[in-house]
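Asks: Before I ask anything, here is the structure I am working with.
Rule-based calculations on the coordinates, nothing more; no lab input. As the structure is a computational prediction, the values presented were derived from the model and not from experiment. As a convention, Cβ positions derive from the backbone with ideal geometry for all residues, glycine included, and neighbour counts pool all protein chains shown.
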Amino acid sequence: MNQFNLGTRVAARLNRQRILEREHPPVCWVVLSEAVLHQEVGSRGMMREQLARLLAVQKRTCDGGTLWDRPQT
């Protein structure tokens, strides 16, 4: 992937993130498989930040709703 493609992808991702920060954001449900909580990608700190971000978005877009996980079977 060249720098142009990377820059374009980053810009698109940031634009999608802004949608969730609108005054009236769309409803966002987060359902995670328990398995993703056991698969460390990057550092523990990075994963913690990502989960915190999901919780913040979910609380903002679902009137303080709950983050659910789907138990591993």
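Asks: What is the fewest-to-most order of S33, S43 by other Cβ atoms lying within 10 Å of their Cβ?
Replies: S43, S33
Asks: Whole-Hz Karplus ³J(HN,Hα) for region 29-39, in order, using 6.51 cos²θ - 1.76 cosθ + 1.60 and θ = phi - 60°, x for Gly and Pro?
Replies: For region 29-39, the Karplus-derived couplings read 9, 10, 10, 10, 6, 4, 4, 5, 6, 9, 9 Hz, x marking Gly and Pro.
Asks: Another question, if that's okay. For S33, which sequence-distant residues (separation of 5 or more, or a different chain) have an amide H within less than 5 Å of its own amide H, given hydrogens modelled in the peptide plane?
Replies: R70
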